[in-house]
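Novice: Shown below is the structure under consideration.
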Amino acid sequence: MATNRTVRLAQRPTGLPSPDTWAIADEAAPVAGPGEVLVQVDYISLDPAMRGWINAGRSYIEPVEVGAVMRAGAVGTVLASHDPAFQAGDAVEGMFGVQRLAAVGPKATGMHMIDLGLAPAPTWLGVLGMPGMTAYFGLLDVGKLSSGETVVVSAASGAVGALVGQIAKLKGAHVIGLAGGPDKCAYVTGTLGFDACIDYKAGDIRKALAAAAPGGIDIYFDNVGGEILEAAMALLRRKARVVLCGAIVGYNDPTKMVAPRNYMNLLVQRARMEGFVVFDYADRFAAAQHDIAGWIKAGQVHPREDIQAGIDRFPEVLNMLYAGTNFGKLVLKL
């Protein structure tokens, strides 16, 4: 390729990112330097956390700088390599950014080879990628799931929540999901096998959750925050665990990022609320991928990707996450 199509951060947004947030252009194709690898980026992962990455200020990861290529996990194909660990034609995953070509240092981007015979490329950005690792370690290491417990997960049809519920089911839990709309709820209970699903758009969330979990909640896996977090915290059982994964309700409107008013129920129930960052488990990703791939093969986990196409559509497709219009793990084919 003579040119490289890129998406760069043009300005930091207030609220929902707009087309003006991004600069999309053709640039000179990069050349791999010593120790680097040139990758053709085939698919990129779109994740709710991207909204936080473009804010200024301290977080668990450095913000994307204005003028820089937008950060994104991706899968691609090696075109040329100056690293003996990689050869042309290798299928790889790493933080390559929103661009068609990336000249990268494998260590800096977490680049590693993937097996397309085990699963297609988009699945390596879903249940075998960062969302899958988030679900696996969040539920099993942070949540410390035990068989027979009641697990509630918000955004249950999404990339992380869907796998949280499926793992919980195969580990012997009673699983309740929350999702937006009857189609997503039917998918959660039908295809994914949750015991129940609450349509958070359909009425009183706290009342519906209390009816679905009359004995209380042992683990609440939170991807949403706000009203749903507060409703779940009202129903915590003794020694319950609240796993803080995300709070998409406030990503584009900080006024909705409010603490639960009933947080003292953690004290009353001797419960625990804990946040985590999936990158802390990077040295164990291969073992988690092995487990998840086995569950897929056994028919116990059902991946679903929502694949959109076209790098120029990145601004529009990213905002699907915040409107809740994607169905499954959102992936952009370049």
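What follows draws every value from the coordinates through simple rules; no lab data is involved. These numbers come from a predicted model, not from an experiment. Heads up, the Cβs are rebuilt from the backbone with ideal geometry, glycines too, and the neighbour counts pull from every protein chain shown.
Novice: Rounded to the nearest 500, what is the chain's calculated 222 nm mean residue ellipticity when only DSSP H runs of at least 4 contribute -39500 (n - 2.57) each, over all residues? The partial results should precede the final answer.
Specialist: On the way: 10 runs with 80 residues, N = 334.
Computed ellipticity for the chain at 222 nm equals -6500 deg cm²/dmol.
Novice: Roughly how far apart, in whole Å, are the Cα centres of segment 45-73 and segment 82-143?
Specialist: 18 Å
Novice: Would you kindly derive the ³J(HN,Hα) couplings of segment 3-16 from the backbone phi angles with the Karplus curve 6.51 cos²θ - 1.76 cosθ + 1.60 (θ = phi - 60°), listing them in order in whole Hz, with x for Gly and Pro?
Specialist: So the Karplus estimates, Gly and Pro as x, are 10, 10, 7, 10, 10, 10, 6, 8, 7, 7, x, 10, x, 5 Hz.
Novice: By its C-alpha gyration tensor, with a ≥ b ≥ c as the square roots of the eigenvalues, how is segment 36-165 shaped: rounded for a/c under 1.5, else prolate for a/b larger than b/c, else oblate? List each step's numbers first, then the result.
Specialist: Working: a/c = 2.38, a/b = 1.48, b/c = 1.61.
Oblate, because a/c is 1.5 or more while a/b does not exceed b/c.
Novice: Between Phe279 and Arg58, how many nm apart are label points set 7 Å from Cα along the C-beta direction?
Specialist: Modelled inter-label distance: 1.5 nm.
Novice: Rounded, prolate or oblate, given the Cα gyration tensor of segment 176-271, with a/c below 1.5 counting as rounded? Write down the numbers at each step before the final one.
Specialist: Working: a/c = 1.86, a/b = 1.19, b/c = 1.57.
Because a/c hits 1.5 or more and a/b fails to exceed b/c, segment 176-271 counts as oblate.
Novice: At a 10 Å Cβ-Cβ cut-off, how would you order Ser18, Ser45, Ser147, fewest neighbours first?
Specialist: On the way: Ser18 12, Ser45 24, Ser147 8.
Result, fewest neighbours first: Ser147, Ser18, Ser45.
Novice: Further question on the same structure: Give me the distance in nm between label points sitting 7 Å out from Cα along the Cα-to-Cβ direction at Gln87 and Val31, one decimal.
Specialist: Label at Gln87, label at Val31, 2.5 nm between them.
Novice: Between Arg241 and residues 5 or more places away or on another chain, which pairs have amide H atoms under 5 Å apart, with H built 1.01 Å from N, and which residues are they?
Specialist: Ile219, Tyr220, Arg272
Novice: A further question follows. Of the residues Asn252, Asn262, Asn319, which exhibits the maximal mean-square fluctuation in a Gaussian network model of the chain defined by a 10 Å Cα contact cut-off?
Specialist: Asn262
Novice: Taking trypsin sites (Lys or Arg not before Pro) that fall in a DSSP loop and have at most 11 other Cβ atoms within 10 Å as cut points, what is the longest piece of the chain between them?
Specialist: On the way: sites that count: Arg58, Arg261, Arg270.
The longest such stretch corresponds to 59-260.
Novice: List, in order, the whole-Hz ³J(HN,Hα) value for each residue of segment 30-46 obtained from phi through the Karplus relation with A = 6.51, B = -1.76, C = 1.60 and θ = phi - 60°; use x for Gly and Pro.
Specialist: After applying 6.51 cos²θ - 1.76 cosθ + 1.60, I find x, 10, 5, x, x, x, 9, 10, 9, 10, 8, 7, 9, 9, 10, 8, 10 Hz.
Novice: Now for a different question. Search the structure for amide H atoms under 5 Å from the amide H of Arg304, placed 1.01 Å from N in the peptide plane, and list their residues when 5 or more places away or on another chain.
Specialist: Lys329
Novice: Classify segment 194-334 as rounded, prolate or oblate from the Cα gyration tensor: take a ≥ b ≥ c as the square roots of its eigenvalues, call it rounded if a/c is under 1.5, otherwise prolate when a/b beats b/c and oblate if not. Walk me through the intermediate numbers first.
Specialist: Values: a/c = 1.74, a/b = 1.36, b/c = 1.28.
Prolate, since a/c reaches 1.5 and a/b exceeds b/c.
Novice: Within 10 Å, at most 14 other Cβ atoms, and a DSSP state outside H, G, I, E, B define an exposed site. Report the longest part of the chain free of exposed chymotrypsin sites (Phe, Trp or Tyr not before Pro). Intermediate values should be presented prior to the final figure.
Specialist: Numbers: sites that count: Tyr60, Tyr263.
Maximal segment without exposed cleavage sites: 61-262.
Novice: For a 18 Å ceiling on Cα separation, which of these pairs sit above it: Lys144/Lys171; Lys144/Lys169; Lys171/Lys201; Lys107/Lys329; Lys169/Lys297; Lys144/Lys201?
Specialist: Values: Lys144/Lys171 11 Å; Lys144/Lys169 14 Å; Lys171/Lys201 29 Å; Lys107/Lys329 26 Å; Lys169/Lys297 16 Å; Lys144/Lys201 30 Å.
In this structure, Lys171/Lys201; Lys107/Lys329; Lys144/Lys201 lie more than 18 Å apart at Cα.
Novice: Magnitude of the Cβ-charge dipole of the chain, K/R +1 and D/E -1, about the Cα centre, nearest 20 debye? Could the numbers behind the result be given before it?
Specialist: Details: 29 positive and 31 negative charges, 212 e Å.
Here the chain has a charge dipole of around 1020 debye.
Novice: Per the chain: cysteines with no other Cys C-beta under 4.7 angstrom?
Specialist: Cysteines lacking a close Cβ partner in the chain: Cys245.
Novice: Among Leu116, Leu128, Leu46, whose mean-square fluctuation peaks in a Gaussian network model of the chain (Cα, cutoff 10 Å)?
Specialist: Result for the chain, Cα springs under 10 Å: Leu116 fluctuates most.
Novice: Starting from the Cα of Val66, move 7 Å in the Cα-to-Cβ direction to define the label point; list residues of segment 1-34 whose amide nitrogen is under 11 Å from there.
Specialist: Within reach of a label on Val66: 10-13.
Novice: Output the relative contact order of the chain, whole-number percent, from Cα pairs under 8 angstrom with separation of 6+ residues. Provide the component values of the computation, followed by the final result.
Specialist: On the way: 728 pairs, mean separation 56.5, N = 334.
Over the chain, the number comes to 17 percent.
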